[in-house]
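Readers should treat all values here as calculations from the given coordinates under stated rules, not as data from a laboratory. Every value quoted in this text rests on a predicted model; they were computed, and no experiment measured them. Note: ideal-geometry Cβ built from the backbone for every residue, glycine included; neighbour counts use all protein chains shown.
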Amino acid sequence: RTPAASATPMMAELLAQKTGMATTDVDVLDRFMSLQMPTDTVQVEYVWIDADKNTRSKCRTVSKDATMSVDKMPTWTYDGSSTGQAPGDDSDVILKPCALFKDPFRPNGENLLALCETYTPEGQPLPTNYRAAALATFEKHKSEEPWFGIEQEYTLFNVDGVTPLGWPKGGFPGPQGPYYCGAGADRMFGRTISDAHYAACRYAGVKIAGTNAEVMPGQWEFQVGPCVGIEAGDHLWIARYLLDRVCESFNVVSTLKPKPIKGDWNGAGAHINFSTKKMREPGGLDAIYAACEKMAPKHAEHIAVYGEGNEERLTGLHETCSINEFKYGVADRGCSIRIPRETTAVGYGYLEDRRPASNVEPYSATSKIMQTTMGE
């Protein structure tokens, strides 16, 4: 008989907890990760976006010479029927690398992450290849030199997916107030994850600008940017992938749901800061106001690409404007568009679109802002 079959209930429980643990022990893994590797090849993790706007990835060995430029990187395929992106009888999807980053999970300085676009075998971008259309928009308006900075909020949960990190199981912590940018074991839940993610992003080459604890306990934010045009989406998607991988290492789960906990708790957004060259030059405030006016009649079109479930977040409460209303103002976090006080003081700078939800697809959102402010 197997040991489990003959064990007492208590012993069976212990065996269930311990059996197989060595296969996931990072100390065991480190023995192999420290081995001397060939110098003419590297490992490249190909990362793409699936039908549910989650990241997927798989790894291959690539000639070191091919990694000198993203244009030299080989294409690859995957089973699109397993990601909701192709039928089973014609399941091949082509992965085409579009941006390269260093791999912080295989940190020898040579291994890479390759963010990829997805195409049919005939060379057509998949409907979930949001980058292709966005790139065309940014190429059209390249002379405008658009800058984006995205404030990505996320919420950490225990692996049950029900209990936010640091919350009592089946209960609630104290009310909001002491958690935003706070310090202390009684209010800061997940700082090690935030710090590890920050380090992973910096190593990878992601343009991460900062991080902070948010208003709801267990909720955090990191900022990506300033990024020019299409790279805002590139860097945010890789940062999201890195967050999931870091959380995997800590045995916790991150969610980008706009309203992860119902009730009197802040939702999660992804505010997008935006400027053009004209806005950043002296006298650019007029261009900022003009952009806000152009966005007013397009409000519904923007909301349509600003994330699913956003109506639960944009209620007019918790530092939001109602989803049914558009307004802009100076230093007003209850507006759709906030113009920073410093921008009005000096007469140039940027605007902050506060409508995007935390699960926003960044290529779609940034290109929509570009189109609208250019009068399209």
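Find, among the chymotrypsin sites (Phe, Trp or Tyr not before Pro) in segment 17-119, those assigned to loop by DSSP (not H, G, I, E, B) with at most 14 other beta-carbon atoms within 10 angstrom.
For chymotrypsin sites (Phe, Trp or Tyr not before Pro) across segment 17-119 that sit outside H, G, I, E and B with at most 14 neighbouring Cβ atoms in 10 Å, the list is empty.
Report the FRET efficiency, 1/(1 + (r/R0)^6), for residue 70 and residue 30, where r is their Cβ-Cβ distance and R0 is 25 Å, rounded to 0.05.
Once the sixth-power term is evaluated, E becomes 0.25.
Within 12 Å, Cβ to Cβ, of residue 250, how many net charges do the neighbouring residues add up to if Lys/Arg are +1 and Asp/Glu are -1? Can you show the working numbers first?
Details: positive: 191, 245; negative: 195, 244, 248.
Its environment carries a net charge of -1.
On average, how much area does the Cα convex hull of segment 65-198 cover when viewed from any direction, in nm²?
13.6
Using Cα pairs closer than 8 Å and at least 6 residues apart in sequence, work out the relative contact order for segment 232-329, in percent. Could you put the intermediate results ahead of the total?
Numbers: 57 pairs, mean separation 22.1, N = 98.
23 percent.
For the chain, find the longest principal axis of its Cα atoms and tell me its angle to the long axis of helix 285-295, 0 to 90°, nearest 10.
70
With angles folded into 0 to 90 degrees, how steeply does helix 9-18 sit against the dominant principal axis of the chain? Use alpha carbons for both and round to 10.
60
Within 10 Å, at most 11 other Cβ atoms, and a DSSP state outside H, G, I, E, B define an exposed site. Report the longest part of the chain free of exposed trypsin sites (Lys or Arg not before Pro).
Maximal segment without exposed cleavage sites: 2-168.
In nm, give the distance between the simple-model label positions of residue 212 and residue 248, each being 7 Å from the Cα along the Cα-to-Cβ direction.
3.1
Tell me the mean residue ellipticity at 222 nm calculated for the chain from its helices only (DSSP H runs of n ≥ 4, each -39500 (n - 2.57), averaged over every residue, nearest 500).
Computed ellipticity for the chain at 222 nm equals -8000 deg cm²/dmol.
Below 8 Å between Cα atoms, with a sequence gap of 6+, how large is the relative contact order for the chain in percent?
14
DSSP loop (so not H, G, I, E, B), at most 14 other Cβ within 10 Å: list which chymotrypsin sites (Phe, Trp or Tyr not before Pro) in segment 328-364 pass both filters.
Answer in residue order: no site qualifies.
Once phi is turned into ³J(HN,Hα) by the Karplus curve 6.51 cos²θ - 1.76 cosθ + 1.60 with θ = phi - 60°, what whole-Hz value does each residue of segment 147-152 show in order, with x for glycine and proline?
Karplus values, whole Hz, x for Gly and Pro: 10, 10, x, 10, 9, 8.
Residue separation times 0.36 nm, minus the C-alpha to C-alpha distance between residue 77 and residue 346: what's the value?
Contour length minus Cα-Cα distance gives 91.7 nm.
Build a GNM of the chain with springs between Cα atoms under 10 Å: which of 57, 254, 275 gets the top mean-square fluctuation?
57
Given R₀ = 25 Å, what would the calculated FRET efficiency be for residue 191 paired with residue 159, taking r from the Cβ atoms and rounding to 0.05?
With R0 = 25 Å, the Cβ-Cβ based efficiency is 0.85.
Apply the Karplus curve 6.51 cos²θ - 1.76 cosθ + 1.60, θ = phi - 60°, to the phi angles in segment 95-105 and return the couplings in whole Hz, x for Gly and Pro.
Rounded to whole hertz, the list is 9, 10, x, 10, 7, 10, 9, 6, 8, x, 8.
I want to check the label-to-label distance for residue 281 and residue 120. Put each point 7 Å from Cα in the C-beta direction and report it in nm to one decimal.
4.4
Quick check for me: using +1 on Lys/Arg Cβ and -1 on Asp/Glu Cβ, what's the dipole size of the chain about its Cα centre, in debye to the nearest 20?
Value, rounded to 20: 500 debye.
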